[in-house]
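Only one structure is covered here, and it is reproduced in the block below.
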């Protein structure tokens with residue numbers, strides 16, 4: 001895969017391009033081709049011929065629009081992450097681990113300029129006083145189309161010792177249905193029936209797994225199985241859930257703007273969702289104090305809710321939720337009590353070394369002898385599970 005930014009040569013010098021950039025930056029307007037061409041002519045003093053003008057225009061347009069030289073990588077439907085660690089070190093992840101590409105930047109300054117421009121598009125500040133940024137870009141800003149978004153993270157030098165570090169995660173809406181996951185082997189046949197029964201019985205569940213394990217994909221597929229007469233309200237940090245269901249309301253959080261104002265958190269949106277008559281309340285990823293509001297909601301008549309949690313195994317889920325609940329002022333004893341009453345099932349998804357993602361385990365939430373909560377396996381892809389009867393009893397109870 002090759003996409004290398006061209007080097008300025010001949011009459012089109014680095015100094016000329018830098019003057020043009022400064023002129024365009026001072027205009028505070030979109031870098032349309034006519035404006036860029038006019039700025040080039042003005043800074044060149046009429047010394048450029050048509051060929052040089054077109055070359056300068058092409059160089060600047062590549063840099064000033066979308067994600068610059070990274071744009072083709074983001075358009076690849078298999079790419080989940082684009083990572084820049086140096087001007088000549090651009091990596092991608094297609095689900096099989098990181099791969100180095102042939103895409104390069106002319107120099108460190110070009111990487112820094114792209115990171116700062118993307119940060120500005122996300123309404124965030126990135127400079128020496130604020131040398132890192134975390135934000136989200138829409139498909140319109142990146143020329144990807146309306147259904148795409150990108151999560152942006154960048155760290156400037158000298159905090160990043162090797163130069164500006166840029167990380168872009170492509171957020172493609174999860175639209176696959178459960179049938180597709182079964183056909184691909186991501187959901188083994190033995191688990192398909194259980195999953196459909198869990199949805200019909202309105203058991204509340206959490207999908208857990210590591211980064212890129214397919215949590216959102218499975219959650220979206222399960223939401224598509226919800227009765228069409230039910231109203232599903234999804235609260236997300238980034239718009240990824242797009243289940244093929246006729247009645248889905250999607251609420252997306254918003255980071256603060258460049259002045260630090262206007263932030264809307266997941267916790268704000270959970271509270272709003274509770275006033276919107278949800279039949280199913282769903283949080284795309286539980287990652288903060290909103291876990292308190294979710295568990296409270298699920299304990300007050302909003303059964304059948306769902307969410308995802310970053311955890312490498314079901315056994316880690318309780319500790320992860322304890323830490324998140326602490327951010328919302330809920331102590332350990334209260335968290336265990338709320339969790340035992342609010343959530344019945346945990347679905348663990350895994351990703352193999354070759355990138356294949358699959359459902360590895362279904363666990364049930366049970367109280368232990370000390371009054372705390374543990375998660376016990378009720379189904380395993382690898383073999384028998386000791387708590388299979390507990391899940392069957394819970395499903396039978398709801399069915400009755």
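Laboratory data are not the source of any read-out in this text; all were calculated from the coordinates shown. Since this is a predicted model, take the numbers as computed values, not measurements. No Cβ is skipped: glycine too gets one built from the backbone with ideal geometry, and neighbour counts run over all protein chains shown.
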task = Hey, could you get me the Stokes-Einstein D for region 301-354, Kirkwood radius over alpha-carbon pairs, 25 °C and 0.890 mPa s, rounded to whole µm² s⁻¹?
result = 196 µm²/s
ask   = Looking at the square roots a ≥ b ≥ c of the eigenvalues of the Cα gyration tensor of region 303-400, which shape do they give, rounded for a/c under 1.5, prolate if a/b is larger than b/c, or oblate?
value = oblate
remark   = For the pair residue 159 and residue 354, the simple spin-label estimate (label points 7 Å beyond Cα toward Cβ) gives in nm 4.1 nm
ask   = Any idea what diffusion coefficient region 225-265 gets from Stokes-Einstein, in µm²/s, Kirkwood Rh on alpha carbon pairs, 37 °C, 0.692 mPa s?
value = 278 µm²/s
ask   = Radius of gyration and Dmax for region 176-274's Cα atoms, expressed in Å?
value = 15.5, 52
request  = Mind ranking 154-161, 212-219 by how tightly packed they are, going by the mean number of other C-beta atoms within 10 angstrom, highest first?
outcome  = 212-219, 154-161
remark   = Protection proxy (average C-beta count within 10 Å per residue), highest first, orders 167-175, 198-206 as 198-206, 167-175
ask   = Rounded to two decimals, what is Rg over Rh for region 228-344 when you use alpha-carbon atoms and the Kirkwood radius?
value = 0.97
key: Along principal axes, Cα extents of region 171-231, largest first, whole Å   = 30, 26, 19
remark   = Here FRET efficiency (C-beta to C-beta, residue 399 to residue 300, R₀ 22 Å, nearest 0.05) is 0.45
ask   = So how far apart, in nm, are the two label points at residue 369 and residue 310 if each is 7 Å from Cα heading toward Cβ?
value = 3.6 nm
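Place the peptides 182-189, 269-276, 35-42 in order of packing, highest mean first, counting for every residue the other Cβ atoms within 10 Å and averaging per peptide.
35-42, 269-276, 182-189
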Approximate spin-label separation residue 268-residue 254, in nm, with each point projected 7 Å along Cα-to-Cβ = 0.7 nm
query = Quick one: if the Förster radius is 45 Å, what FRET efficiency do residue 323 and residue 247 give, using the C-beta to C-beta distance and rounding to 0.05?
reply = 0.85
